[in-house]
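What follows is a short report on a single structure.
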Ligand SMILES: [Zn+2]
């Protein structure tokens, strides 16, 4: 017999982090995550919860130069994607960020990649300045940038809720997504869905 999922109320000290929900990672994009657009309406419901309570929202994005080291032309693993200023780098048009949302750009230099929203950014300093201790994290892709953002958040001492209904994986190997989810939970992330917020 399963007990009802524990309800969580978002409150002061909580923040929502939306990872890399950019056109190039959506169907039709240059590095499309299968079913990636499915996270948009779900994230909008989380965004509405945080927005209604005036809690901080952060949106990370890949913001690469055209000669970025992660691109195949330079020996990297990926096709060109999320080149700064292009349509592919823009956030999904359907995402409803509150006006005060903070954009965190990453991997902006040619010779360094960053899967984590904390890597080479001021995200952690911003969270600490706002006394944020509990993070709700969703977005794309579960097996790369979400995984690494969650890992860094936990190692920096944040409590992390993983929004399992608002992530999708690239799945280069078919079980990369489930493996990433298991790894995030092993590291201490707590899996939740919208139902946990009572929405
Ligand atoms: Zn990238």
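Taken together, the values in this text are just the output of simple stated rules run on the coordinates, not laboratory data. Just so you know, these numbers come straight off a predicted model, no measurement behind them. Note that we place each Cβ from the backbone using ideal geometry, even for glycine, and neighbour counts take in every protein chain shown.
Just one of the listed residues (104, 137) is away from the ligand (no atom under 13 Å from the Cβ), assigned to a strand (DSSP E or B) and either over 14 Å from the mean Cα position of the chain (by Cα) or surrounded by 23 or more Cβ atoms within 10 Å (Cβ to Cβ) (or both), and it is 137. Pairs linking a residue in region 95-107 that is over 10 Å from residue 57 (Cβ atoms) to a residue that is away from the ligand (no atom under 16 Å from the Cβ) and not in a strand (DSSP E or B), with Cβ atoms under 7 Å and 6 or more positions apart or on different chains, are 95/40; 95/43; 95/44; 96/44; 96/47; 104/123. Take residue 147 and tell me if it is within 16 Å of the ligand (Cβ to nearest atom) and in contact with a helix residue (DSSP H, G or I) (Cβ under 9 Å, 6 or more places away or on another chain). The answer is yes for residue 147. One residue stands out in region 13-31 among those that are over 15 Å from the mean Cα position of the chain (by Cα) and in a loop (DSSP other than H, G, I, E, B): the one that is farthest from the ligand (Cβ to nearest atom), namely 13. Here residue 99 clears all of (1) in a helix (DSSP H, G or I); (2) farther than 23 Å from residue 147 by Cβ except the condition numbered (1).
Within region 32-70, restricting attention to residues that are more than 15 Å from residue 96 (Cβ to Cβ) and assigned to a helix (DSSP H, G or I), the residue that is nearest to the chain's Cα centre (by Cα) is 36.
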